[in-house]
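Colleague: Below you will find the structure I want to go over with you.
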Amino acid sequence: MTVTHSMTGKTVLITGGTGGIGRAAAIALASMGARVGITGRDRPRAERAAAAIARESGNPAVDVFVADLSSQTEVRRLADEVLAAYPRLDVLLNNVGGFWAHRHVTADGLEHTFALNHLAPFLLTSLLLDRLVASAPARIVTVSSGAQSMGKIDFDDLMGEGKYSGQRAYNQSKLANVMFTYELARRLEGSGVTATVLHPGMTSTAFGAEDTARGWGPIIAVMRLFMKSPERGAETPVYLASSPDAAGVTGRYFADRKARTSNRASYDPAATARLWQVSADLVGLPVDAPH
Ligand SMILES: NC(=O)c1ccc[n+]([C@@H]2O[C@H](COP(=O)([O-])OP(=O)(O)OC[C@H]3O[C@@H](n4cnc5c(N)ncnc54)[C@H](OP(=O)(O)O)[C@@H]3O)[C@@H](O)[C@H]2O)c1
(Lines give C-alpha, C1' and ligand atoms only; values in the text may rest on other atoms or scores of the structure.)
Protein backbone atom coordinates (compact mmCIF):
# COMPACT_ATOMS: atom_id res chain seq x y z
CA MET A 1 0.00 0.00 0.00
CA THR A 2 1.43 3.40 -0.92
CA VAL A 3 1.51 5.84 1.97
CA THR A 4 0.90 9.38 0.79
CA HIS A 5 0.02 11.34 3.91
CA SER A 6 0.78 11.57 7.60
CA MET A 7 -1.33 10.34 10.54
CA THR A 8 1.22 11.53 13.07
CA GLY A 9 -0.52 12.77 16.22
CA LYS A 10 -3.71 10.82 15.42
CA THR A 11 -5.08 7.96 17.51
CA VAL A 12 -6.92 5.12 15.80
CA LEU A 13 -8.84 2.23 17.37
CA ILE A 14 -9.29 -0.82 15.15
CA THR A 15 -11.50 -3.65 16.35
CA GLY A 16 -10.08 -7.03 15.39
CA GLY A 17 -6.56 -5.93 14.47
CA THR A 18 -5.08 -9.35 15.23
CA GLY A 19 -5.56 -10.75 11.75
CA GLY A 20 -7.02 -10.29 8.30
CA ILE A 21 -8.12 -6.86 7.08
CA GLY A 22 -7.86 -5.25 10.53
CA ARG A 23 -4.23 -6.25 10.97
CA ALA A 24 -3.30 -4.98 7.50
CA ALA A 25 -5.13 -1.71 8.20
CA ALA A 26 -3.26 -1.40 11.50
CA ILE A 27 0.11 -1.79 9.74
CA ALA A 28 -0.84 0.80 7.11
CA LEU A 29 -2.10 3.38 9.61
CA ALA A 30 0.81 2.82 12.00
CA SER A 31 3.17 3.25 9.02
CA MET A 32 1.61 6.68 8.49
CA GLY A 33 2.51 7.60 12.08
CA ALA A 34 -0.78 6.99 13.93
CA ARG A 35 -0.95 5.52 17.42
CA VAL A 36 -3.00 2.38 16.80
CA GLY A 37 -5.03 0.37 19.29
CA ILE A 38 -6.04 -3.10 18.23
CA THR A 39 -8.51 -5.48 19.87
CA GLY A 40 -8.64 -9.25 20.07
CA ARG A 41 -10.14 -11.96 22.27
CA ASP A 42 -6.91 -13.57 23.38
CA ARG A 43 -4.17 -11.50 25.04
CA PRO A 44 -1.11 -13.50 23.90
CA ARG A 45 -2.38 -13.55 20.30
CA ALA A 46 -3.13 -9.84 20.40
CA GLU A 47 0.28 -9.06 21.93
CA ARG A 48 1.99 -11.06 19.18
CA ALA A 49 -0.02 -9.21 16.53
CA ALA A 50 0.81 -5.83 18.09
CA ALA A 51 4.53 -6.69 18.11
CA ALA A 52 4.36 -7.69 14.44
CA ILE A 53 2.41 -4.53 13.52
CA ALA A 54 5.00 -2.38 15.35
CA ARG A 55 7.84 -4.21 13.62
CA GLU A 56 6.34 -4.10 10.13
CA SER A 57 5.27 -0.45 10.39
CA GLY A 58 8.38 0.76 12.19
CA ASN A 59 6.07 2.46 14.71
CA PRO A 60 6.17 1.22 18.33
CA ALA A 61 2.91 3.04 19.27
CA VAL A 62 0.64 -0.01 19.05
CA ASP A 63 -1.64 -0.81 22.00
CA VAL A 64 -3.58 -3.95 22.84
CA PHE A 65 -7.13 -4.18 24.18
CA VAL A 66 -8.66 -7.55 24.97
CA ALA A 67 -12.40 -8.14 24.61
CA ASP A 68 -14.87 -10.61 23.18
CA LEU A 69 -17.14 -8.19 21.37
CA SER A 70 -20.03 -10.67 21.24
CA SER A 71 -20.53 -9.85 24.95
CA GLN A 72 -22.03 -6.46 25.77
CA THR A 73 -20.33 -6.50 29.18
CA GLU A 74 -16.98 -6.83 27.42
CA VAL A 75 -17.82 -4.10 24.90
CA ARG A 76 -18.61 -1.78 27.81
CA ARG A 77 -15.37 -2.70 29.60
CA LEU A 78 -13.42 -2.17 26.35
CA ALA A 79 -14.98 1.29 25.93
CA ASP A 80 -14.03 2.20 29.51
CA GLU A 81 -10.44 1.06 28.92
CA VAL A 82 -10.18 2.97 25.64
CA LEU A 83 -11.57 6.14 27.25
CA ALA A 84 -9.05 5.79 30.08
CA ALA A 85 -6.14 5.17 27.70
CA TYR A 86 -6.91 7.69 24.94
CA PRO A 87 -7.59 11.33 25.81
CA ARG A 88 -8.43 11.79 22.13
CA LEU A 89 -9.72 9.40 19.47
CA ASP A 90 -9.47 10.48 15.85
CA VAL A 91 -10.61 7.32 14.09
CA LEU A 92 -12.75 4.36 15.13
CA LEU A 93 -12.52 1.52 12.62
CA ASN A 94 -15.29 -0.99 13.34
CA ASN A 95 -13.81 -3.97 11.57
CA VAL A 96 -14.73 -7.09 13.57
CA GLY A 97 -17.28 -9.31 11.90
CA GLY A 98 -17.75 -12.80 10.65
CA PHE A 99 -19.90 -15.54 9.20
CA TRP A 100 -21.27 -18.51 11.13
CA ALA A 101 -22.93 -21.33 9.25
CA HIS A 102 -24.89 -22.45 12.30
CA ARG A 103 -26.90 -20.49 14.82
CA HIS A 104 -24.99 -19.60 17.99
CA VAL A 105 -26.20 -17.66 21.01
CA THR A 106 -24.09 -15.08 22.88
CA ALA A 107 -23.65 -14.64 26.63
CA ASP A 108 -26.47 -12.08 26.37
CA GLY A 109 -28.80 -14.63 24.78
CA LEU A 110 -28.67 -12.98 21.35
CA GLU A 111 -27.99 -14.50 17.93
CA HIS A 112 -24.22 -14.31 17.48
CA THR A 113 -23.98 -12.83 13.95
CA PHE A 114 -26.34 -9.95 14.68
CA ALA A 115 -24.77 -9.37 18.10
CA LEU A 116 -21.15 -9.34 16.91
CA ASN A 117 -21.48 -7.81 13.44
CA HIS A 118 -24.06 -5.13 14.24
CA LEU A 119 -24.80 -4.64 17.95
CA ALA A 120 -21.12 -4.60 18.99
CA PRO A 121 -20.13 -1.70 16.69
CA PHE A 122 -23.42 0.03 17.51
CA LEU A 123 -22.70 -0.13 21.25
CA LEU A 124 -18.96 0.56 21.05
CA THR A 125 -19.50 3.58 18.78
CA SER A 126 -22.20 4.94 21.08
CA LEU A 127 -19.95 4.61 24.15
CA LEU A 128 -16.99 6.30 22.40
CA LEU A 129 -19.01 8.97 20.63
CA ASP A 130 -18.48 11.83 23.06
CA ARG A 131 -14.71 11.28 22.87
CA LEU A 132 -14.84 11.24 19.07
CA VAL A 133 -16.91 14.44 19.01
CA ALA A 134 -14.48 16.09 21.42
CA SER A 135 -11.65 15.05 19.04
CA ALA A 136 -13.33 16.37 15.89
CA PRO A 137 -12.61 16.28 13.05
CA ALA A 138 -12.89 12.54 13.62
CA ARG A 139 -14.00 9.56 11.55
CA ILE A 140 -16.04 6.44 12.21
CA VAL A 141 -15.47 3.79 9.56
CA THR A 142 -17.42 0.53 9.58
CA VAL A 143 -16.54 -2.54 7.55
CA SER A 144 -19.65 -3.98 5.92
CA SER A 145 -19.69 -6.23 2.85
CA GLY A 146 -21.09 -6.44 -0.65
CA ALA A 147 -23.45 -8.96 0.98
CA GLN A 148 -25.38 -5.93 2.28
CA SER A 149 -26.98 -5.70 -1.17
CA MET A 150 -28.74 -9.05 -0.57
CA GLY A 151 -29.69 -8.17 3.01
CA LYS A 152 -33.12 -7.76 4.50
CA ILE A 153 -33.77 -6.60 8.05
CA ASP A 154 -36.30 -9.08 9.41
CA PHE A 155 -37.75 -6.93 12.18
CA ASP A 156 -40.10 -9.81 13.12
CA ASP A 157 -37.22 -12.25 13.64
CA LEU A 158 -33.93 -10.34 13.95
CA MET A 159 -32.37 -13.23 15.90
CA GLY A 160 -33.12 -15.93 13.32
CA GLU A 161 -35.17 -17.90 15.82
CA GLY A 162 -37.57 -19.11 13.15
CA LYS A 163 -35.29 -20.60 10.53
CA TYR A 164 -31.59 -19.73 10.71
CA SER A 165 -29.46 -19.37 7.61
CA GLY A 166 -25.83 -18.28 8.02
CA GLN A 167 -25.96 -16.37 4.74
CA ARG A 168 -29.22 -14.62 5.59
CA ALA A 169 -27.92 -13.67 9.05
CA TYR A 170 -24.68 -12.34 7.55
CA ASN A 171 -26.47 -10.37 4.81
CA GLN A 172 -28.83 -8.86 7.38
CA SER A 173 -25.97 -7.87 9.72
CA LYS A 174 -24.03 -6.24 6.90
CA LEU A 175 -27.08 -4.28 5.74
CA ALA A 176 -27.46 -3.25 9.39
CA ASN A 177 -23.87 -1.85 9.25
CA VAL A 178 -24.89 0.37 6.33
CA MET A 179 -28.18 1.50 7.89
CA PHE A 180 -26.44 2.20 11.21
CA THR A 181 -23.86 4.35 9.41
CA TYR A 182 -26.45 6.37 7.50
CA GLU A 183 -28.48 7.03 10.65
CA LEU A 184 -25.32 7.84 12.60
CA ALA A 185 -24.20 10.30 9.93
CA ARG A 186 -27.57 12.07 10.20
CA ARG A 187 -27.27 12.24 13.97
CA LEU A 188 -23.70 13.56 13.74
CA GLU A 189 -24.44 16.33 11.24
CA GLY A 190 -22.53 19.46 12.19
CA SER A 191 -20.41 17.67 14.81
CA GLY A 192 -17.28 17.33 12.67
CA VAL A 193 -17.43 13.54 13.01
CA THR A 194 -18.05 11.56 9.85
CA ALA A 195 -19.46 8.05 9.44
CA THR A 196 -18.72 5.92 6.39
CA VAL A 197 -19.15 2.24 5.60
CA LEU A 198 -17.50 -0.03 3.07
CA HIS A 199 -17.08 -3.30 1.26
CA PRO A 200 -13.42 -4.38 1.38
CA GLY A 201 -13.71 -6.85 -1.52
CA MET A 202 -13.29 -10.62 -1.32
CA THR A 203 -10.14 -10.95 0.74
CA SER A 204 -8.09 -13.98 1.73
CA THR A 205 -8.33 -14.02 5.54
CA ALA A 206 -9.59 -16.34 8.30
CA PHE A 207 -13.10 -15.08 7.53
CA GLY A 208 -15.76 -17.74 8.21
CA ALA A 209 -13.21 -20.28 9.45
CA GLU A 210 -14.75 -20.66 12.92
CA ASP A 211 -17.89 -22.30 11.55
CA THR A 212 -17.70 -23.10 7.85
CA ALA A 213 -20.73 -24.61 6.12
CA ARG A 214 -20.33 -28.34 5.49
CA GLY A 215 -18.55 -29.09 2.22
CA TRP A 216 -17.41 -25.49 1.68
CA GLY A 217 -13.86 -25.85 3.10
CA PRO A 218 -12.20 -27.06 -0.14
CA ILE A 219 -14.25 -24.65 -2.28
CA ILE A 220 -13.17 -21.69 -0.14
CA ALA A 221 -9.55 -22.89 -0.29
CA VAL A 222 -9.70 -22.63 -4.09
CA MET A 223 -11.58 -19.31 -3.99
CA ARG A 224 -8.83 -17.86 -1.78
CA LEU A 225 -6.42 -18.14 -4.69
CA PHE A 226 -8.44 -15.49 -6.51
CA MET A 227 -9.08 -13.20 -3.54
CA LYS A 228 -7.33 -9.97 -2.59
CA SER A 229 -4.46 -9.99 -0.13
CA PRO A 230 -5.30 -8.52 3.31
CA GLU A 231 -3.21 -5.46 2.34
CA ARG A 232 -5.42 -4.83 -0.69
CA GLY A 233 -8.55 -5.61 1.32
CA ALA A 234 -7.49 -2.90 3.78
CA GLU A 235 -7.13 -0.23 1.10
CA THR A 236 -10.66 1.15 1.30
CA PRO A 237 -10.89 1.22 5.13
CA VAL A 238 -7.45 2.86 5.29
CA TYR A 239 -8.48 5.38 2.64
CA LEU A 240 -11.64 6.29 4.57
CA ALA A 241 -9.74 6.42 7.87
CA SER A 242 -6.90 8.58 6.68
CA SER A 243 -7.10 10.16 3.25
CA PRO A 244 -7.49 13.95 3.00
CA ASP A 245 -9.73 13.16 0.00
CA ALA A 246 -12.20 11.45 2.37
CA ALA A 247 -12.23 14.32 4.90
CA GLY A 248 -15.78 15.53 5.52
CA VAL A 249 -17.31 12.68 3.52
CA THR A 250 -20.14 11.17 5.54
CA GLY A 251 -23.15 8.90 5.20
CA ARG A 252 -21.74 7.07 2.19
CA TYR A 253 -21.01 3.45 1.25
CA PHE A 254 -17.68 2.72 -0.48
CA ALA A 255 -15.99 -0.06 -2.41
CA ASP A 256 -12.61 0.19 -4.12
CA ARG A 257 -12.23 3.65 -2.57
CA LYS A 258 -15.23 4.92 -4.53
CA ALA A 259 -18.68 5.90 -3.26
CA ARG A 260 -21.28 3.37 -4.39
CA THR A 261 -25.00 2.85 -4.13
CA SER A 262 -26.07 0.50 -1.34
CA ASN A 263 -29.15 -1.65 -0.82
CA ARG A 264 -32.28 0.35 -1.52
CA ALA A 265 -33.62 -0.41 1.98
CA SER A 266 -30.66 1.48 3.49
CA TYR A 267 -32.00 4.76 2.11
CA ASP A 268 -35.31 4.49 3.99
CA PRO A 269 -34.96 6.85 6.97
CA ALA A 270 -37.93 5.27 8.75
CA ALA A 271 -36.23 1.86 8.56
CA THR A 272 -32.83 3.17 9.72
CA ALA A 273 -34.53 4.97 12.63
CA ARG A 274 -36.43 1.80 13.52
CA LEU A 275 -33.24 -0.28 13.44
CA TRP A 276 -31.56 2.31 15.69
CA GLN A 277 -34.44 2.11 18.16
CA VAL A 278 -34.42 -1.71 18.23
CA SER A 279 -30.62 -1.79 18.57
CA ALA A 280 -30.65 0.75 21.42
CA ASP A 281 -33.23 -1.41 23.22
CA LEU A 282 -31.13 -4.55 22.71
CA VAL A 283 -27.99 -2.96 24.16
CA GLY A 284 -29.82 -1.05 26.88
CA LEU A 285 -29.09 2.49 25.67
CA PRO A 286 -31.61 5.32 25.52
CA VAL A 287 -32.62 5.83 21.88
CA ASP A 288 -31.79 9.54 21.76
CA ALA A 289 -28.48 9.41 23.55
CA PRO A 290 -25.81 10.11 22.79
CA HIS A 291 -26.43 12.49 19.87
N1 LIG B 1 -12.63 -11.41 4.00
C2 LIG B 1 -13.56 -11.07 3.14
O3 LIG B 1 -13.61 -11.52 1.98
C4 LIG B 1 -14.58 -10.05 3.53
C5 LIG B 1 -15.51 -9.62 2.55
C6 LIG B 1 -16.46 -8.68 2.89
C7 LIG B 1 -16.49 -8.15 4.17
N8 LIG B 1 -15.60 -8.58 5.12
C9 LIG B 1 -15.66 -8.01 6.47
O10 LIG B 1 -14.37 -7.58 6.85
C11 LIG B 1 -14.27 -7.58 8.28
C12 LIG B 1 -12.97 -8.22 8.70
O13 LIG B 1 -12.99 -9.57 8.28
P14 LIG B 1 -11.68 -10.44 7.98
O15 LIG B 1 -11.91 -11.05 6.66
O16 LIG B 1 -10.46 -9.65 8.22
O17 LIG B 1 -11.90 -11.57 9.09
P18 LIG B 1 -10.90 -12.41 10.01
O19 LIG B 1 -9.61 -12.70 9.31
O20 LIG B 1 -11.72 -13.57 10.47
O21 LIG B 1 -10.58 -11.41 11.22
C22 LIG B 1 -11.53 -11.18 12.16
C23 LIG B 1 -10.97 -10.36 13.33
O24 LIG B 1 -12.07 -10.22 14.23
C25 LIG B 1 -11.66 -10.67 15.50
N26 LIG B 1 -12.82 -11.32 16.14
C27 LIG B 1 -13.54 -12.36 15.68
N28 LIG B 1 -14.52 -12.67 16.56
C29 LIG B 1 -14.40 -11.78 17.57
C30 LIG B 1 -15.12 -11.57 18.77
N31 LIG B 1 -16.15 -12.35 19.14
N32 LIG B 1 -14.75 -10.56 19.58
C33 LIG B 1 -13.70 -9.77 19.26
N34 LIG B 1 -12.98 -9.93 18.13
C35 LIG B 1 -13.33 -10.91 17.31
C36 LIG B 1 -10.51 -11.61 15.32
O37 LIG B 1 -9.68 -11.48 16.44
P38 LIG B 1 -9.29 -12.69 17.44
O39 LIG B 1 -9.57 -13.99 16.72
O40 LIG B 1 -7.84 -12.47 17.73
O41 LIG B 1 -10.15 -12.46 18.63
C42 LIG B 1 -9.84 -11.01 14.07
O43 LIG B 1 -8.91 -10.02 14.45
C44 LIG B 1 -15.53 -8.29 8.78
O45 LIG B 1 -16.44 -7.31 9.25
C46 LIG B 1 -16.09 -8.98 7.54
O47 LIG B 1 -17.49 -9.12 7.59
C48 LIG B 1 -14.64 -9.51 4.82
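Colleague: Quote the relative contact order of the chain in percent (integer), defining contacts as alpha-carbon pairs under 8 Å separated by 6+ residues.
Modeller: 19 percent
Colleague: For region 213-285, report the accessible area per residue in Å² (1.4 Å probe, heavy atoms, rounded to an integer).
Modeller: The answer is 57 Å² per residue.
Colleague: Measure off 7 Å from each Cα along the Cα-to-Cβ vector at Phe155 and Ala51, then give the distance between these two points in nanometres to one decimal.
Modeller: The two pseudo-label positions are separated by 5.1 nm.
Colleague: Within the chain, which complete DSSP H helices have Cα atoms spanning at least 18 Å along the helix axis and a mean Kyte-Doolittle hydropathy of 1.0 or higher?
Modeller: In the chain, the long hydrophobic H runs are 120-134.
Colleague: Now for a different question. Count of lysine pairs in the chain with Cα atoms under 22 Å apart, counting only pairs 8 or more residues apart in sequence or on different chains?
Modeller: Lysine pairs, 8 or more places apart or on different chains, close enough: 6.
Colleague: Set Lys and Arg Cβ to +1 and Asp and Glu Cβ to -1, take the dipole of the chain about its Cα centre, and tell me which of Ile38, Ala79, Gly19 lies farthest positive.
Modeller: Final value for the positive-end residue is Gly19.
Colleague: Where does each of 100-112, 126-138 land if you order them by average Cβ count within 10 Å, highest first?
Modeller: Ranking, from highest mean packing down: 126-138, 100-112.
Colleague: Treat every Asp and Glu Cβ in region 14-106 as -1 and every Lys and Arg Cβ as +1, leave all other atoms uncharged, and give the resulting dipole magnitude about the Cα centre to the nearest 20 debye.
Modeller: Magnitude of the dipole: close to 140 debye.
Colleague: For Lys258, Lys228, give me the order by solvent-accessible area with a 1.4 Å probe, most accessible first, ignoring ligands, DNA and RNA.
Modeller: Lys258, Lys228
Colleague: Something else about it: Dipole magnitude of the chain about its Cα centre, charges +1 at Lys/Arg Cβ and -1 at Asp/Glu Cβ only, in debye to the nearest 20?
Modeller: 740 debye
Colleague: Follow-up. Based on the mean of other beta carbon atoms within 10 Å per residue, what is the order of 21-29, 166-174, most packed first?
Modeller: Listed from highest to lowest mean packing, they are 21-29, 166-174.
Colleague: Separate question: May I ask you to order 250-256, 41-47 by the average number of other C-beta atoms within 10 Å around their residues, highest value first?
Modeller: 250-256, 41-47
Colleague: Another question about this same structure. Ignoring any ligand, DNA or RNA, what whole percent of the accessible area of region 72-124 comes from carbon and sulfur when the probe is 1.4 angstrom?
Modeller: After summing per-atom areas, the C and S share lands at 54 percent.
Colleague: Per the helix-only calculation at 222 nm, which mean residue ellipticity applies to the chain, given -39500 (n - 2.57) for every DSSP H run of n ≥ 4 and division by its residues, nearest 500 deg cm²/dmol?
Modeller: Calculated from helices alone, the mean residue ellipticity at 222 nm is -12000 deg cm²/dmol.
Colleague: Shifting gears a bit: Dividing the convex hull volume of the Cα atoms of the chain by its residue count, what figure in Å³ per residue is obtained?
Modeller: Spelled out: Cα convex hull of the chain, divided by residues, is 120 Å³.
The values are calculated or read from the model by the stated rules, or taken from the named source; none is laboratory data. Every value quoted in this text rests on a predicted model; they were computed, and no experiment measured them. Positions of Cβ are generated from backbone atoms using ideal geometry, with glycine treated the same way; all protein chains shown enter the neighbour counts. We work out accessible area using only protein heavy atoms, side chains counted, and drop any ligands, DNA or RNA first. Shrake-Rupley method; radii C 1.70, N 1.55, O 1.52, S 1.80 Å.
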